[in-house]
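The values are calculated or read from the model by the stated rules, or taken from the named source; none is laboratory data. These numbers were taken from a predicted model, which means no experiment stands behind them. With ligands, DNA and RNA removed, areas are computed over all heavy atoms of the protein, side chains included. Shrake-Rupley method; radii C 1.70, N 1.55, O 1.52, S 1.80 Å.
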Amino acid sequence: MSTPGQRHLSNRIILVELHKCLREIKTFSTGSVKWNKDEEDSSDPAPPSTTPTSRQALLSRRRRPLSPLERISGLLPQDALSPEVTQLREQNQQDTEQDPDIQVSVTNCAPEESGHGTHPENEDSETLDAQLKGTLHEEKRLMSSTLPGERLLVFGELLVAEYRKKGRVEFRKMFKLQAGERLHSSWGTILHDDMAGQPAGRFLKTSRGVPILTRRASLQDYVLYMKRGPAITYPKDAATMLMMMDVAEGDCVLESGSGSGAMSLFLSRAVGSKGRVLSVDVREDHLKRAAQNYSHWRTSWNLRRGEEWPDNVQFHNADLFTASPLLAGWGFHAVALDLINPHLALPTVTQHLHPGAVCAVYIPNITQVIELLEGLRCLAYPLLCERIIEVPIRDWKVAPALRKDGSNCVSKAPIQDEDQKEETPDETDTEEMTPGKHPAFGNIPYIARPHPEQLSHTAFLVKLRKCVQ
């Protein structure tokens, strides 16, 4: 996709090349005149007149409109020209109006006595060439500000818009970038067309002048804000389960309880293009929702990176309790279970789990954990319960201390002696009263306390490892 900035840069590169050709043509023309001048001096003719003949004036008038730089720059739009080229074209037009024969007069002038005289045209050309190169280098630097492999926003991508006020998120929404659509919020609207072609992580003002941050949706954002059927496996729990199972690229993993597709996406990224994920769910509507969410994320990823997300997840509508024919011929490096009664699926799962591999169980209630352990005790499965954990996350608020008027508080050094207080001026107070001056590093106190809004309990994670008797 060619953006206006890239077309603008290509036009300027063409101008630089044409300018170099023009400078070579001028150098050749001046050298020919110098050679004629030396030949005339050897035959001792009358000194050449500085007044151009009618034929020379006619050639001068015909030569200037044929300049490649002027012809091409005249065809290009005004916004495609650099300020230096625009200024040069205006100067040439003014010089042509004042004296159209000035080029012939300057060319026929005698060189300096040293034989290597400098020409004003060459100096101007070199100066203009250096300025054009500097401008092009700056534009290339600005255009290449995106990271390698990163692209500008295009239609079809999944974005997140958020607005923060005093460090608190007041508005956050995930949406798909589409032509002709608008982003609606209580703080105004933003056209989707204004977002396309912009770098990610940029603030755009709404119709009411409120700055909204627009960025690409990460996998964590997508899992939290995508359309759901059943409850999802939260990212904090999914990350811990991946560490429990020690999933690596190329592994084959079984997932039972597809849900809304959150764990399927995390497993898909973990096993990579060389691995496989078999996702089984007993409810067809849940399986359909998981497959749709998986497909939508792959499409957005392809637009974002220009490369395909691995198509390594197979969704099957089956009951894992009686799914032995489905699992025939499969061997799994890890198993992730999210079921109401996981202990009933262990006889089927254990047969296809590699020795020493881990089965991670996602259980919301502690009573289900007890039933799972009781099933392991009664049926004597070759599984060892290694850990039962809960993953709490505690958000903290850390910010500079503020006064009621919104200004920063400033730390004051303690003074023990009253005499010392009178002799030593209080520099901190002086800093406070100086408008527009920021206090030095370490002079502002901070507040630190747990955030009032916390994520509550989600689930218990049970780690079972297959052991060989």
Query raised in the report: Under the Karplus relation 6.51 cos²θ - 1.76 cosθ + 1.60, θ = phi - 60°, what is the ordered set of whole-Hz ³J(HN,Hα) values for region 202-209, x standing for Gly and Pro?
Result: 10, 8, 10, 8, 7, 5, 9, x
Query - Gained length - LEU191 relative to LEU344, 0.36 nm times residue gap less alpha-carbon distance - result: 49.8 nm
Report summary line: Note: region 152-221, point scatterers on Cα, Debye, no solvent; log10 I/I(0) at q = 0.17, 0.22, 0.26 Å⁻¹ equals -0.54, -0.93, -1.29
Query raised in the report: So for ASP338, ASP281, what's the accessible-area order with a 1.4 Å probe, most first?
Result: ASP338, ASP281
Query - Amide H contacts of GLN178 (H built 1.01 Å from N, under 5 Å, at least 5 apart or other chain) - result: GLY156
Query raised in the report: In whole Hz, what ³J(HN,Hα) sequence does region 230-244 give by Karplus (6.51, -1.76, 1.60; θ = phi - 60°), x for Gly and Pro?
Result: x, 5, 9, 7, 5, x, 5, 6, 5, 4, 5, 5, 4, 5, 4
Requested in this report: Return the subset of LYS236/LYS463; LYS176/LYS227; LYS165/LYS205; LYS166/LYS397; LYS274/LYS466 for which the Cα-Cα distance in this structure is over 19 Å, preserving the input order.
Outcome: LYS274/LYS466
**Report entry** Extended-chain gain in nm, criterion 0.36 nm per residue less alpha-carbon gap, VAL169 and LEU384
**Finding:** 73.0 nm
Report summary line: Taking placed amide H atoms and a strict 5 Å upper bound, the residues 5 or more places from LYS397 or on another chain that come that close are ARG449, HIS451
